[in-house]
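Written out below as structure tokens is the structure these notes cover.
The values are calculated or read from the model by the stated rules, or taken from the named source; none is laboratory data. Nothing here was measured: the structure is a model prediction, and the numbers come from that model. Note that each Cβ is placed from the backbone with ideal geometry, even for glycine, and that neighbours are counted across all protein chains shown.
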Amino acid sequence: MELDERKVTILKAIIKNYMDTGEPVGSRTISKYIDSKWSSATIRNEMSDLEEMGYIIQPHTSAGRIPSDKGYRFYVDQILQEKDSEVTEIQELMIQRVDRLELVLKQLAKLLAKDTNYAALISGPQYHRNKLKFIQLSKVDVHKLLIVTVVEGNLIKNSIVNIQEEISDEELLNLNILLNSSLNGLTIEEISLGVISRMKEQAGPHSQVVDLVLNEVADAIKVDEEDLQIYTSGATNIFKYPELSDNQKASQLLSTLEHTENLQELVDAVNENENENGIQVYIGDESPVKGMADCSVVTANYDLGDGIRGTIGIIGPKRMDYRKVLKTLRNLMTQLDATFKNDER
């Protein structure tokens, strides 16, 4: 059985009507909603097929239908594929050349929550320093070396290491050439055993230095998750939606939004699964965070250049206004990119 045009029309009508009302949708409601010439009997048959295909469910006997997670997934994918999704402008106050990015992000979290009537989160910028740009070895004394490591985002890490053997100036120069010619532009994953083996062989008696440098490179590339700031707003908006406002669900969701480690788990998943269009939608059990399994979560990554990125998320009921949320996020990413990438401060 396939989704033909009529089934798609009826499915969209069920989803939109349910998002508006929060009530199960019957065939008569659909008939009025789409203003078609199809009879109620025809619509009932199509709804029966949609239920059999897993796109809608009947929560109670003799009740209407509501979308399943599969139905929401179809609806969201349809929106993402549309070419005419021109975004509306968010209030321009969001970027007023505020001196500190953190202040902007806090304002944006509040603005998103207010505009959407859902919960919002924005992570502070992280340096996604995946690639090595430069290494410089310098003598501190006979048995100490200063290692200067520069990674993507122009982040610099200095460290002093102890070495057992003495190294002449000429040998140190050759080591610098070897390290930079072998490692520049590589991610930590691309520094394979083969690369390491060749470097050690060419380093000869100074192969220990290669090990020391690789340890510093790995440490420099690693993102310090403990320093990650995540700003949230609108958590109490969940009480506006009956399906989320019962004591157990509301308590679980509020607890999830209050604990940074849970939000960090979401941010990590967004970064790991980042796709081409930049926006990801998690519906129900698709959420990487267990405490959000009764919700839909729409996320996007903002990119300020030089490897500096962060994550934006909207958390609401499964019947959230996906079209509005997607437009809001797209516009927000455009505004952030245009403002901070061109900021001459």
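Out of (1) within 17 Å of N215 (Cα to Cα); (2) surrounded by 12 or more Cβ atoms within 10 Å (Cβ to Cβ); (3) in contact with a strand residue (DSSP E or B) (Cβ under 9 Å, 6 or more places away or on another chain), the odd one out for V195 is which?
Among (1) within 17 Å of N215 (Cα to Cα); (2) surrounded by 12 or more Cβ atoms within 10 Å (Cβ to Cβ); (3) in contact with a strand residue (DSSP E or B) (Cβ under 9 Å, 6 or more places away or on another chain), the lone unmet condition for V195 is (3).
How many residues are loosely packed, with under 13 Cβ neighbours inside 10 Å and within 15 Å of I66 (Cα to Cα) when one looks only at the stretch 24-44?
1
With respect to I283, is the statement that it is of a type outside the set (S, T, N, Q), touching a helix residue (DSSP H, G or I) at 6+ places or on another chain (Cβ under 9 Å) and modelled with pLDDT of 90 or more true?
Here the answer is yes, as I283 does meet what is asked.
Every residue in the stretch 45-54 that is closer than 13 Å to R6 by Cβ and buried (at least 16 other Cβ atoms within 10 Å of the Cβ), please.
Answer for the stretch 45-54, where residues must be closer than 13 Å to R6 by Cβ and buried (at least 16 other Cβ atoms within 10 Å of the Cβ): E46, M47, D49, L50.
Among (1) touching a His at 6+ places or on another chain (Cβ under 7 Å); (2) in the same structural domain as K106 (by TED's automatic domain parsing), which single condition is P242 missing?
Of (1) touching a His at 6+ places or on another chain (Cβ under 7 Å); (2) in the same structural domain as K106 (by TED's automatic domain parsing), only one is false for P242: (1).
Would you mind stating whether V210 is buried (at least 17 other Cβ atoms within 10 Å of the Cβ) and in contact (Cβ under 8 Å) with a residue 60 or more places away in the chain?
no
Quick check on my filter: what residues within the stretch 45-56 are over 10 Å from S68 (Cα atoms) and either part of a loop (DSSP other than H, G, I, E, B) or among the basic types (K, R) (or both)?
If the condition is that a residue be over 10 Å from S68 (Cα atoms) and either part of a loop (DSSP other than H, G, I, E, B) or among the basic types (K, R) (or both), then M53 is the only one that fits.
Looking at the stretch 22-40, can you tell me whether even one residue there is touching a residue at least 12 places away in the same chain (Cβ under 8 Å), assigned to a helix (DSSP H, G or I) and of a type in the set (D, E)?
Checking the stretch 22-40: not a single residue is touching a residue at least 12 places away in the same chain (Cβ under 8 Å), assigned to a helix (DSSP H, G or I) and of a type in the set (D, E).
Restricting to the stretch 146-192, give me the number of residues that are in a helix (DSSP H, G or I) and either in contact with a Cys (Cβ under 7 Å, 6 or more places away or on another chain) or closer than 14 Å to N215 by Cα (or both).
Taking the stretch 146-192 first, the residues in a helix (DSSP H, G or I) are 169-183, 188-190.
Add one more test, that the residue is either in contact with a Cys (Cβ under 7 Å, 6 or more places away or on another chain) or closer than 14 Å to N215 by Cα (or both), and what stays is 179, 183, 188-189.
Within the stretch 146-192, residues that are in a helix (DSSP H, G or I) and either in contact with a Cys (Cβ under 7 Å, 6 or more places away or on another chain) or closer than 14 Å to N215 by Cα (or both) number 4.
What about I56, is it at pLDDT 90 or above and in contact with a Ser or Thr (Cβ under 8 Å, 6 or more places away or on another chain)?
So I56 fits the description; yes.
Can you tell me which residue in the stretch 1-21 is surrounded by the fewest Cβ atoms within 10 Å (Cβ to Cβ), limited to those that are without any contact (Cβ under 8 Å) to a residue 24 or more places away in the chain and outside any helix (DSSP H, G or I)?
E2
In the stretch 213-249, how many are outside any strand (DSSP E or B) and at pLDDT 85 or above?
Of the residues in the stretch 213-249, 11 are outside any strand (DSSP E or B) and at pLDDT 85 or above.
Looking at the stretch 11-41 only, could you name the residues that are aliphatic (A, V, I, L, M) and over 18 Å from K318 (Cα atoms)?
I30, I34, A41
Can you name the condition, by its number, that N158 falls short on among (1) surrounded by 16 or more Cβ atoms within 10 Å (Cβ to Cβ); (2) modelled with pLDDT under 85?
Failing condition for N158: (1).
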